[in-house]
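Here, each number is a calculation from the coordinates, and none is a lab measurement. Everything quoted here is computed from the prediction, not taken from an experiment.
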Amino acid sequence: MRLHQASVFLFAVILLFPGCASWFIKGEPPEVLVTNITPLDATLFEQRLRVDLRIRNPNDLAYHLTGIDFTLNLNGKRLARGLGSKEVTVPRLGDAVMTIDTTTSTLDIVRQLIELSQKQELAYDIKGVLHSTEGRLPFTSAGTLVEPGVFSGSPAGSSTTPQ
């Protein structure tokens, strides 16, 4: 009788949680890195961006990705939300690039440029979900696109003293 109840419970869980297939995916989560952000056309209220993402698969099985949903922040402030349904296969122990066109507020771009001139660095963090034929694969990543001192022409932390 207990075995029958356990079987019924397990069957109910499988039916009630089909969106949680990523719980059953084995291996490490994929790594998603921002490799490029290209400004496209702009209007007074909106800026279109092309975001190139490198997806690294540290696992022994290939991922067939069917889409992505992500939020990209620069220097701790939201820059853009990206959605895409492009299909790409990331080979086992390999990587692939996914390019997503997205939009953001022109005002957000202006704010980022003002803060960039003050901070002298461009750090990003990205989080989201990769959609695959095996389920949903959540990811988070952070990095620096531009090191401090690049815009001023001098390395960060260095001082110029005349001799």
For region 28-136 the mean separation of alpha carbon contacts under 8 Å (6+ apart) over residue count, i.e. relative contact order in percent, is 31
Residues whose built amide H sits under 5 Å from the amide H of LEU145, excluding neighbours closer than 5 in sequence, are LEU122, ALA123, TYR124
